Amino acid sequence: MDIVVLVKQVPDTESLVQIAADGVSIKRDDIKWVMNPYDELAVEEALRIREAKGGSVTIVSVGAQKAQETVRTALAMGADKGLLVNDPKAEGSDALGTARILAAAVKSLPCDLV
């Protein structure tokens, strides 16, 4: 069974998150970034399913080059492949835009479960 897991890089819960000067975004300096804890659970479950049924686990994420750390974390957990969509046009995308980017990426991958 080929499984695709979508992951996102988020600020660590122990990081101090502050609003940036623009009043909309957050200050990104000195923030430790980690894989979303819920996404980490999804990776673990995908790995369990792969153990039971065979196949592969592919990680997909959208973000800047820094998000590659999160993809590598999933690979270190045991995922088989990782894909980072790093497009400057995607920067600042809202949830719908990001969902469309992820959907296009997943369509190009063989998978039985997302």
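Total lysine pairs in the chain at Cα distances under 28 Å, for residues eight or more apart or on different chains: 20.
Per residue, the range 14-108 exposes 67 Å² of solvent-accessible protein surface, assessed with a 1.4 angstrom probe and all protein chains in place. For the chain, take the longest principal axis of its alpha carbons; what is the angle in degrees between that and the long axis of helix 37-53, to the nearest 10 within 0 to 90? For 37-53 against the chain, the angle is about 10 degrees. Most mobile of GLY63, GLY92, GLY82 per a Gaussian network model of the chain (Cα springs, under 10 Å)? Looking only at GLY63, GLY92, GLY82, the largest GNM fluctuation is found for GLY92. Report summary: the helix-based calculation at 222 nm, which adds -39500 (n - 2.57) for every DSSP H run with n ≥ 4 and divides by the residues of the chain, gives -11000 deg cm²/dmol. A simple charge model with +1 on the Cβ of Lys and Arg, -1 on the Cβ of Asp and Glu and nothing else charged puts the dipole of the chain at about 280 debye relative to its Cα centre. Nearest 10 degrees, 0 to 90: what angle lies between the long axis of helix 68-77 and the longest principal axis of the chain (Cα atoms)? The angle comes out near 40 degrees. With 0.36 nm allotted per residue and the present C-alpha distance subtracted, the LEU113-ASP30 stretch has 26.3 nm of extension available. Secondary structure note: in the chain, about 25% of the DSSP beta bridges are antiparallel.
The separation of the range 70-114 from the range 4-35, counted between C-alpha centres, amounts to 18 Å. Other residues whose C-beta falls under 15 angstrom from the C-beta of GLU14 contribute a net charge of -1, scoring Lys and Arg +1 and Asp and Glu -1.
The values are calculated or read from the model by the stated rules, or taken from the named source; none is laboratory data. Remember, it's a predicted structure, so these values are computed and weren't measured experimentally. Here Cβ is always computed from backbone atoms with ideal geometry, including for glycine, and neighbour counts include all displayed protein chains. The area values use the complete protein model at the heavy-atom level, side chains included, leaving out ligands, DNA and RNA. Shrake-Rupley method; radii C 1.70, N 1.55, O 1.52, S 1.80 Å.
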